[in-house]
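What follows is a short report on a single structure.
The values are calculated or read from the model by the stated rules, or taken from the named source; none is laboratory data. These figures come from a predicted structure and were not determined experimentally. So basically every Cβ, Gly included, is an ideal-geometry build from the backbone, and we count neighbours across all protein chains shown. Side chains included, ligands, DNA and RNA excluded: accessible areas come from the protein's heavy atoms. Shrake-Rupley method; radii C 1.70, N 1.55, O 1.52, S 1.80 Å.
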Amino acid sequence: MTRSRPAANAATATVRVGLGERAYDIVIGSGVLDDVGTQLAAVTRPGQAVVISNPVVGGLFRARVTAALATAGFRVAAIEIPDGEEHKNLAWVAFAYERLIEAHADRSTPVLALGGGVIGDLAGFVAATYLRGVPFVQLPTTLLAQVDSSVGGKTGVNLPAGKNLIGAFYQPRLVLSDIAALHSLPKREFLAGLAEVIKYGIILDAELFALVETELARVMARDEGLLRTIVRRCCELKATVVERDEREADHRAILNFGHTLGHAIEALTDYRRFLHGEAVAIGMAFAARVSRSRGFCDDETVRRIVTLLTRAGLPVAVPPDAAGQALVLAIETDKKVAGGKVKFVCVEAVGRSRFELLAADVIAAQATA
Ligand code: NAD
Ligand code: GLY
């Protein structure tokens, strides 16, 4: 069971992901990147450590992370992947393997992902597969990565045929979420992460949704105390889902709320027009309307969801070029479709959700309804 507790430093919270021998802590607070050496030494023996990052995040935080690791007795090698989703692929995985070989990394060498979800997914896949698996640590620096992608062990890369088609479930040994790192995040990226926060509220936690509704101005101002509370709550919710269904046999798919249409829109717009969280925002407004049309929720629920997303500066309208047969095909191409039906996540009320099996053409028809 997921437990959350304040840590020694009162400004830090720890969420435990209870997965038996693969259990781990998520440590959340301002400045926790400076604790990475001592935290890592608690879960693995000091020796060599490899930090995978990109030039943007590396430029901002790598020196601090390297210094903290060195103080705790780690020798640090750095691997830099160019910034951007287009580099989350097997070619850059191979590049990372080659650098690990050059650095004489062995099976005890921890790989640390310093960055957003792109670096986390790629580095996690590298850690899962290099020498059949080395210790992995997440140092998420985007809101999306802190509330979602760094938790739960989904790692992977894209193929030309689609996103995240290659991957592995591989849990980290430790996650350190530094809230202060979010100040340098571009506003658009911050809002895309906020879409995932709103998602947790809609599907699982009416209180979280209401907190964002009432405190949106402070959230947007990146109030560190409030963000710590929000990141911790999202991690608790995700940990509870992952503990129940680590490999998405069933229940974990609840986290795909808004993602059926979101993924299709991302694909139809060549992954260029919308950030993932923006496409998910459109998908969540759409899923709320689908839920209403099937009688699962009332108008007020749809109104609250669309209003909050709009106030947060997120898009809610399905783009006109993502409709018709192209949309049906894009939904069917998504890897989560089985037997012609999509396990579509519907909302019943803010904080409560359910699955409904729907055909792709039935879903797509709602886009123009
Ligand atoms: P990202 O990793 O591309 O980061 C967004 C941008 O912000 C990048 O340009 C990055 O360099 C920059 N950046 C990161 N931290 C910064 C900081 N603190 N200050 C300034 N700039 C910073 O994008 P993302 O939204 O974090 O992640 C998206 C990826 O996550 C996608 O590939 C998606 O498939 C994946 N994802 C994975 C899971 C999972 O469970 N594994 C869940 C959701 C999304
Ligand atoms: N982002 C959805 C999941 O981790 O399952």
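Packing here is the average count of other Cβ atoms within 10 Å per residue, and on that basis the peptides 224-235, 255-266, 138-149, highest first, run 138-149, 255-266, 224-235. With 0.36 nm allotted per residue and the present C-alpha distance subtracted, the ASN164-TYR97 stretch has 22.2 nm of extension available. Modelled spin-label separation between GLN325 and LEU216, with each label point placed 7 Å from Cα along the Cα-to-Cβ direction: 4.0 nm. Classify the stretch 166-284: rounded, prolate or oblate, from the alpha-carbon gyration tensor (a ≥ b ≥ c, eigenvalue square roots; a/c under 1.5 rounded; otherwise prolate if a/b is larger than b/c)? Rounded shape, in that the Cα axes give a/c under 1.5.
Working from label points 7 Å from Cα in the Cα-to-Cβ sense, the ALA180 to ALA42 distance is 1.8 nm.
In terms of its C-alpha gyration tensor, the stretch 245-369 comes out rounded, because the ratio a/c of the largest to the smallest axis stays below 1.5. Using R0 = 41 Å, the C-beta based FRET efficiency linking ARG188 and LEU131 works out to 0.60. Amide H contacts under 5 Å for GLU348: SER353, ARG354, restricted to partners 5 or more places along the chain or on a different chain, H placed in the peptide plane at 1.01 Å from N. Taking every protein chain into account, the accessible area of the stretch 2-122 amounts to 44 square angstrom per residue (probe 1.4 Å).
The simple spin-label model puts a point 7 Å past each Cα toward its Cβ; for ALA369 and LEU19 those points are separated by 3.7 nm. A full extension of the chain between GLU224 and ASP106 corresponds to an added length of 38.7 nm, given 0.36 nm per residue minus the alpha carbon distance.
The length gained on full extension between GLU300 and LEU357, counted as 0.36 nm times the residue separation minus their Cα-Cα distance, comes to 18.1 nm.
Got a sec? Which residues in the stretch 161-187 would a label at ASP245 touch, if it sits 7 Å along Cα→Cβ and we count backbone N under 14 Å? Answer for this model: none. The shape of the stretch 1-155 comes out rounded: with a ≥ b ≥ c from the C-alpha gyration tensor, a/c is under 1.5.
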